[in-house]
Every structure is written in C-alpha cells, then in structure tokens.
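Read through the structure below, which is laid out as structure tokens, and then see the notes.
The values are calculated or read from the model by the stated rules, or taken from the named source; none is laboratory data. All of these numbers come straight from a predicted model, not from anything done at the bench. We place every Cβ from the backbone using ideal geometry, glycine too, and count neighbours over all the protein chains shown. These accessible areas exclude ligands, DNA and RNA; they are computed on the full protein's heavy atoms, side chains included. Shrake-Rupley method; radii C 1.70, N 1.55, O 1.52, S 1.80 Å.
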Amino acid sequence: GAGAAPPEPSSCHQRGLARPEPRPPDAGWATWGIGGPDVRLGFRVIKGFREEFAKRIVECRQQFGAFTSIEQFQRATGLPAKAIQRLAEADAFSSIPRSRRESVWESLVLKDEQMPLFDERCVEEEQPVILPKMPLGQEVMTDYSTIGLSLKKHPVALIREELKAKNIITSSELLERPHGKWTKVAGLVLIRQRPGTASGIVFVTLEDETGIVNLIVRPDIYEKYRLAARHAGLLQAEGYVERQGQVIHIMVKRMYDLSSMLAGYQLRSRDFH
C-alpha cells in the first residue's frame, strides 16, 4: 500500500531555540500558502504554478502518502508535464529525494498522456540517473528565476569577495560608518520610488546578504547616471553617509550597474513606473 507522508525535517527551531527559518516549497510537504511549524513556503511562490495544481498535490498526498519518484508523482496527480517541469525547476522534489538537476532531467521525458490514478503496487520505477551536483551560484540564480528568492544563499554573497576588492561594504558595516563618511555600497534593487511631493528625488532600497541600504538620489544625479539608476538590477552606489537618529541612508553621488556580475540571473525591482 501507499507509504505514510514524510514528516517535516527536524529543526532546533521547533524546540524554541530560535525563530523558525523558512523552508522552500516541496511536493512532499507544501500547500498553496505558507504553513507548517518550520514556515514552509507554499506553491504560490513558484512563478506560473496554478493553485488548482497545488490542491491536487495535497489531495494526492493525503490519499496515497509519500511520493517516491517523478513518474509516480505524475501518475498520482495527473499534472501536466509542463507543471511538473516547473516544480522540478523550482527544486520542489527534494523529499523524493531528487536534486534540482536530477528532477529536471526526469521531468523532461514526461508526456501528457491520460493516465489512471496512481497505484503504487503496479509501478516499476526506473533507477534515477545520477547527475553532477549543480553549483551553488547556479542553484541560487535558478531559485530567483523560479520562485523570486533563495533560501540557499543571497546572490550578493556569491560575489562578496569581488565587491570587497572594490572597497564596497555591506549594509551591516554601514551601521558603523560615521555621518559624512564617503562610502561605497551595492545590492539588489528592491524598490525605486519617486514620490510626487519629493521634488524629483528618487528613493532607492538595495538589499545585500546582511540587510538593506536606503539611498537618496537627487534629480541631477539621477539624470547623470540614468541608465544605471533606472535599469540596474545589481546597483553600486557611492556617496556620503547621512544619519538622523537611528535612520541611516546614503546621499548618492555616483551609481554603476553591476548586473553583469550576476550574469544569467533575472534581476527585477519594484519600480515607480
């Protein structure tokens, strides 16, 4: 008969030692939204994945128990091959277990033929192909392209040594910088805002592996560095530290587009346009 659904991986967070860390979406545990004691991300974060497919996965887990292969998963759920490929690309089959590269490989041979509901006793499973482990940088970038974030590592951390060579500090190091100090920072552009009441000033929020940096860009600087200011996904900013109590920001004087340092990674910000 079908096996029992796998338990969530154990964690010291469940013993109250620290705040729970989020876990990625997985076919063996996830629902549509966030849930579980370890804050499991739901299928809704996977770009292009439909809620009806998520509900079907949950129903099949309850009916058949644990999934043990990509083929078994397709037989149980009847999901379209493209949807299963999307799950594989999002690294959502770790509980089978399959690595992202292995699950993508197996999903590519699936067909959308009409199949009966899964009966575990009737399926002969092929041995999975053992593929080389995907490099961490590629894992992180694929996470961002499929679910918009990565729990493995922050993209900026992948290039921190190169940034250090440029004398670019982290957001946590910025906390120690005195008022008026010339400083270089860099990060993923999260938000660009130009409020109508700000006389053309643009407020930019960057994120690196240690936190966020708030930038103030005056209109003349924005126009001078417009290409970087408007289009960079990974932005380097240089300027003077301004401290107002607990609030710290950079009054920007120069900006440069560093997106090429994360080639192949889709960088998108939430802009004012």
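Per residue, the range 20-106 exposes 41 Å² of accessible surface when a 1.4 Å probe is rolled over the protein heavy atoms with every protein chain present.
Carbon and sulfur together cover what percent of the accessible area of the range 140-270 at a 1.4 Å probe radius?
On the way: 3200 of 6570 Å².
Within the range 140-270, the accessible surface is 49 percent carbon and sulfur.
For residue 240 and residue 165, a Förster radius of 22 Å and the Cβ-Cβ distance give a FRET efficiency of 0.50, rounded to the nearest 0.05. Ranked by the mean number of other Cβ atoms within 10 Å per residue, highest first, peptides 103-109, 67-73 order as 67-73, 103-109. Tell me, what % of the accessible area of the range 77-117 is carbon and sulfur with a 1.4 angstrom probe? Heavy-atom surface of the range 77-117 belonging to carbon and sulfur, 1.4 Å probe: 57 percent.
Distance between the 7 Å Cα→Cβ label points at residue 209 and residue 113: 4.7 nm. The mean accessible area for residues of the range 158-273, using a 1.4 Å probe and ignoring ligands and nucleic acids, is 54 Å² per residue. Using a Cα-Cα cut-off of under 26 Å, which lysines could be cross-linked to residue 181, ignoring same-chain neighbours fewer than 8 residues away? Here the lysines satisfying the reach criterion relative to residue 181 are 164, 166, 224, 253. In terms of packing, defined here as the mean over residues of other Cβ atoms within 10 angstrom, the peptides 213-221, 56-64 line up highest first as 213-221, 56-64.
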